[in-house]
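The values are calculated or read from the model by the stated rules, or taken from the named source; none is laboratory data. This one's a predicted model, so the numbers in the text were calculated from it and none came from an experiment. All Cβ positions, glycine included, derive from the backbone under ideal geometry; neighbour counts span all protein chains shown.
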Amino acid sequence: MIRAGIIGATGYAGNELVRLLTAHKETEIVWYGSRSYTGEKYASVYRNMFQLVEDECLDDKIEELAGEADVIFTATPQGFLAGVLSEDILKQVKVVDLSADFRIKDVSVYESWYRIAHKSPQFIGEAVYGLCEINREKVKRARLVANPGCYTTCSILTAYPLVKEGLIDTDTLIIDAKSGTSGAGRGAKLPNLFCEVNENIKAYGVTSHRHTPEIEEQLGYAAGKQVTVNFTPHLVPMNRGILVTEYASLKKKADGSLPAYEEIKAVYDKYFEKEKFVRVLEKDICPETKWVEGSNYVDVNFTIDERTGRIIMMGALDNLVKGAAGQAVQNMNLLFGLDEAEGLDLVPVFP
């Protein structure tokens, strides 16, 4: 059995990790880390775990945990892992970090967008960006996995085939994204109160959202050049879900025509046909968050606008599963040579 420890187990992503790992046939959770609830029974914090989890919450002493676990998940705020990670820890245990501490390779970019100093830049180079569909083989050899977030996973996978194949002008790429409120975390914040969120939709982080450089960096690797995007997130009054709608100009063929639907579909199939967790929908079917809720699936599709010469790419996922905990479990499975889908054969929940 793989011994797993979770630091930040009482946040939304942490609780989703507990839910998934509790049902994972090859894993046992040995540490439910929570600075806020140390000494309290985990099931008293999340009563969905009543009679399923009998353990008490422990603290966030990662050095001690490293001696007891095979893998550590850190579902913690930005800066936590960078502040405590050491070579001694990585010699003992594999780490899957759900924060952004090791996602961005340029430390100056990280510090500029997150406005904190990075305390362990020596590990940035070896950290593998854990988007399994793109970096599967690298993840298998990693000690430290930077687990992508929800906005970035959906935004990158939705556009990746067309960027990789050079079929769109990346200078024209615009990403409009919408998230359920669980994406903002469990902390008590005025903008997330029921009366503030209900019956409302709003843009935030306009031109300044900190996931922007992560999307640009990963799509830049696909394009083989620097990519700059407009990324605008929105908060919508639902618990779970990410929906992205992306716009870009299609590159015309030698004869001046636009690629046909069948040509674009063939490109998506080239990259995703064998991917269990990416579903390319049938023609004219738009992704919806309700059809992926509670699952590790990403639904993607596209529509060509002949009138404007642009393509509209769409994607949907559950921000707490494929956008966080599910992806982390997928990475763990790769790290330990398990079936990548172990513990993740989750049928989407509806209604």
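Cβ-Cβ contacts under 7 Å between residues 6 or more apart (or on different chains), taken from a first residue in region 97-111 that is under 17 Å from PHE80 (Cβ atoms) and surrounded by fewer than 21 Cβ atoms within 10 Å (Cβ to Cβ) to a second residue that is β-branched (Val, Ile, Thr) and at pLDDT 95 or above, are listed as VAL107/ILE124. Please find, within region 169-180, the residue that is farthest from THR228 (Cα to Cα) out of those that are of a type outside the set (Gly, Ala, Ser) and surrounded by 24 or more Cβ atoms within 10 Å (Cβ to Cβ). So the residue we want is ILE175. Condition check: assigned by TED's automatic domain parsing to the domain that holds HIS209, closer than 23 Å to LEU235 by Cβ, touching a helix residue (DSSP H, G or I) at 6+ places or on another chain (Cβ under 7 Å) and aliphatic (A, V, I, L, M). Does ALA159 satisfy that? In short, yes. Can you pull out every residue in region 305-351 that is touching an Asp or Glu at 6+ places or on another chain (Cβ under 8 Å), in a helix (DSSP H, G or I) and not β-branched (Val, Ile, Thr)? Result: ALA324, ALA325, GLY326, GLN330, ASN333, LEU334. How many residues are in a helix (DSSP H, G or I), surrounded by fewer than 20 Cβ atoms within 10 Å (Cβ to Cβ) and touching a residue at least 12 places away in the same chain (Cβ under 8 Å) when one looks only at region 135-167? Of the residues in region 135-167, 3 are in a helix (DSSP H, G or I), surrounded by fewer than 20 Cβ atoms within 10 Å (Cβ to Cβ) and touching a residue at least 12 places away in the same chain (Cβ under 8 Å). Within region 239-256, restricting attention to residues that are at pLDDT 95 or above and more than 18 Å from the chain's Cα centre (by Cα), which residue is farthest from ILE304 (Cα to Cα)? That would be LYS251.
Give LEU17, LEU65 a once-over and let me know the one that is over 21 Å from GLN330 (Cβ atoms), in contact with a strand residue (DSSP E or B) (Cβ under 8 Å, 6 or more places away or on another chain), assigned to a helix (DSSP H, G or I) and not assigned by TED's automatic domain parsing to the domain that holds ARG186. Write out each step before concluding.
Working: LEU17 fails: over 21 Å from GLN330 (Cβ atoms).
After applying the criteria, what remains is LEU65.
In a residue-by-residue description of region 39-57, the property of being at pLDDT below 95, touching an Asp or Glu at 6+ places or on another chain (Cβ under 9 Å) and not assigned by TED's automatic domain parsing to the domain that holds GLY294 applies to no position.
Restricting attention to region 68-81 and to residues that are outside any strand (DSSP E or B) and in contact with a strand residue (DSSP E or B) (Cβ under 9 Å, 6 or more places away or on another chain), the residue that is farthest from THR27 (Cα to Cα) turns out to be PHE80.
Within region 181-191, one or more residues are buried (at least 21 other Cβ atoms within 10 Å of the Cβ) and either on the phi > 0 side of the Ramachandran plot or β-branched (Val, Ile, Thr) (or both).
Number of residues in region 89-114 that are within 21 Å of the chain's Cα centre (by Cα), closer than 27 Å to TYR12 by Cα and part of a loop (DSSP other than H, G, I, E, B): the value is 8. Residues in region 187-209 that are farther than 23 Å from THR289 by Cα and under 22 Å from the mean Cα position of the chain (by Cα): GLY187, THR207, SER208. Applying the criterion of being among the hydrophobic types (A, V, I, L, M, F, W, C) and touching a strand residue (DSSP E or B) at 6+ places or on another chain (Cβ under 9 Å) to the residues of region 192-211, the residue that is surrounded by the most Cβ atoms within 10 Å (Cβ to Cβ) is VAL197. Taking THR245, is it surrounded by fewer than 21 Cβ atoms within 10 Å (Cβ to Cβ), assigned by TED's automatic domain parsing to the domain that holds TRP291, among the polar types (S, T, N, Q) and without any contact (Cβ under 8 Å) to a residue 60 or more places away in the chain? Judged against the criteria, THR245 is not a match.
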